[in-house]
Amino acid sequence: MSLEVRPVGESELGDWLRALKTGFLRPPLVTDEEVEQRRPQFDLSRTLGVFDRGRIVATFRTFTQELSTVGGGSLVADAVSQVTVSPSHRRRGVLSRVMTADLAAAKERGDAVASLIAAEYPIYGRYGFGPAAWTTEWSVDVPRAGLDPRRTGQPEDGGTIEISDGAEVRKVAPEVHRRLARVRAGVPNRDTQGWERGTGLGFQGEPWIEPFYAVYRSASGEVEGYVAYRSDDKWDDGKQPVNTATVRDLIGCTPAAERALWRYMCSLDWVTKVRSGLRAPDDVLPLLLPDPRAARVVSHADMLWLRVLDVAKVFEGRTYASSGSLVLEVRDAAGLAGGRYRLDASPDGAEVSRTSASADLALDVAELGTLSLGDESVVRLAELGRVEELAAGAAVRADVLLRAARRPWCPDIF
């Protein structure tokens, strides 16, 4: 094939959006109004189209992202989004061509990692991405949960929960979100456009239904959490309400805020079921309930995938609860991050350097991405044959050094 890969021009954004919808099997209709509403979302210099005789047959977009890491630091990520290949051009190496060029450009820019949310699991491992954060959704059977129905829904710690609206959330929630990123790895930054889209302003991919909002304030009056949720309107044959409340966004930057917001959600009149939305797999929700079995897992899947581009930036940028050293042999077929590295880490910081010393562990760069936010066990990967233990006991030592106290969480699909 004679294909041209290049950024789209101003006049080509509508064609690019049609190709995007075609690839995602959505009606390929794009109005002039939609193009104008969506234009501010795009950096056209990083919005790539693959052209075949003037027609866009593949889409690929990236943007700069700040991603929280273990200990509250941040990594600069090349966030990959809206990747499609039209049905007429699949299985012809189109994605490989674009991805190879983009990762090289991200490496040249000095990005620490590339990030994405994978629509399909098998695709991105061959480009060096590994799943670094997973997500779980629960459905809570409220009557079974064992909570006292006489509770008001207000916290018992001196704080308050107040009904709010989108305008207030846009003012107070960004700082709550930033504080969350300081205590939880895997959280991507949200810009102004993201907050606007999340509260009903600007372009919406589907008809907007205004949610309910509630804000948690501590006893001192400081906003430490918020929730956005929707409810259906269902009654059973006995004229009893059996509504389901579905969480769209719930962020608590302190444990007190998170506990209070979940208890509020489980105390809503007429609500017999609460859907949690996409949460970290170690979310506190089930154990908040007197009967944790009332919280049933309805979905558990990979969420955030990372491709390490700079080993030093990734592992020097996080914190460590203990001291130790590891020599890692990183295999990278693309030649972007491969080599042998020595990690010397302690609670005071870390240093990563190239070395010729004997390696303790050997692994592919995709497995390094899986380990980068402290979620996965090196011992488990070794048992799967995905990490090679070259020095006795190295996998256990690596787990002690690398694993985080809380699992990473990516609250956003991008």
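Listed values, structure above:
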{"read-out": "Failed item, numbered, when Arg90 is tested on (1) over 23 Å from the mean Cα position of the chain (by Cα); (2) of a type in the set (Lys, Arg); (3) buried (at least 16 other Cβ atoms within 10 Å of the Cβ)", "value": "(3)"}
{"read-out": "Selected residue (only one of Leu381, Leu373, Leu390 is open to solvent by less than 30 Å² (accessible area, probe 1.4 Å) and more than 18 Å from Ser322 (Cα to Cα))", "value": "Leu381"}
{"read-out": "Of all residues making up region 279-317, the number that are within 29 Å of Ala398 (Cα to Cα), among the hydrophobic types (A, V, I, L, M, F, W, C) and part of a loop (DSSP other than H, G, I, E, B)", "value": "3"}
{"read-out": "Strands (runs of 3 or more DSSP E) completely within region 99-180 that count 1 or more residues being farther than 30 Å from Leu381 by Cα", "value": "130-141, 160-164"}
{"read-out": "Single residue of Asp232, Asp302 found to be within 16 Å of Tyr213 (Cα to Cα), modelled with pLDDT of 95 or more and not β-branched (Val, Ile, Thr)", "value": "Asp232"}
{"read-out": "Where Lys239 falls short, out of the listed (1) over 23 Å from the mean Cα position of the chain (by Cα); (2) at pLDDT 95 or above; (3) surrounded by fewer than 17 Cβ atoms within 10 Å (Cβ to Cβ)", "value": "(2)"}
{"read-out": "Of all residues making up region 321-353, the number that are in contact (Cβ under 8 Å) with a residue 60 or more places away in the chain, in contact with a helix residue (DSSP H, G or I) (Cβ under 7 Å, 6 or more places away or on another chain) and open to solvent by 40 Å² or more (accessible area, probe 1.4 Å)", "value": "1"}
{"read-out": "Candidate set from region 257-271 (those that are assigned to a helix (DSSP H, G or I) and among the aliphatic types (A, V, I, L, M)); member that is surrounded by the most Cβ atoms within 10 Å (Cβ to Cβ)", "value": "Ala257"}
{"read-out": "Criterion: farther than 21 Å from Thr246 by Cα and either among the acidic types (Asp, Glu) or in contact with a His (Cβ under 9 Å, 6 or more places away or on another chain) (or both) - qualifying residue of Glu120, Glu137", "value": "Glu120"}
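Rundown of residues vs (1) touching a strand residue (DSSP E or B) at 6+ places or on another chain (Cβ under 9 Å); (2) within 30 Å of Tyr124 (Cβ to Cβ), yes/no style:
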| site | (1), (2) |
| --- | --- |
| Leu288 | yes, no |
| Pro292 | no, no |
| Leu306 | yes, yes |
| Glu316 | yes, yes |
| Ala337 | yes, yes |
| Arg340 | yes, yes |
| Ser346 | yes, no |
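This table checks each residue for (1) touching a Phe, Trp or Tyr at 6+ places or on another chain (Cβ under 9 Å); (2) open to solvent by 30 Å² or more (accessible area, probe 1.4 Å); (3) on the phi > 0 side of the Ramachandran plot.
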site: Val176; (1), (2), (3): yes, no, no
site: Tyr213; (1), (2), (3): yes, no, no
site: Val227; (1), (2), (3): yes, no, no
site: Asp232; (1), (2), (3): no, yes, no
site: Pro255; (1), (2), (3): no, yes, no
site: Lys273; (1), (2), (3): no, yes, no
site: Asp282; (1), (2), (3): yes, yes, no
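A quick yes/no check of all residues on (1) in contact (Cβ under 8 Å) with a residue 24 or more places away in the chain; (2) open to solvent by less than 20 Å² (accessible area, probe 1.4 Å); (3) outside any helix (DSSP H, G or I):
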site: Leu20; (1), (2), (3): yes, yes, no
site: Val30; (1), (2), (3): no, no, yes
site: Leu48; (1), (2), (3): yes, no, yes
site: Val57; (1), (2), (3): yes, yes, yes
site: Phe60; (1), (2), (3): yes, yes, yes
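The values are calculated or read from the model by the stated rules, or taken from the named source; none is laboratory data. Treat the numbers as computed from the prediction; the structure is a model and nothing was measured. No Cβ is skipped: glycine too gets one built from the backbone with ideal geometry, and neighbour counts run over all protein chains shown. Just so you know, the surface numbers come from the protein's heavy atoms only, side chains and all, with ligands and any DNA or RNA stripped out. Shrake-Rupley method; radii C 1.70, N 1.55, O 1.52, S 1.80 Å.
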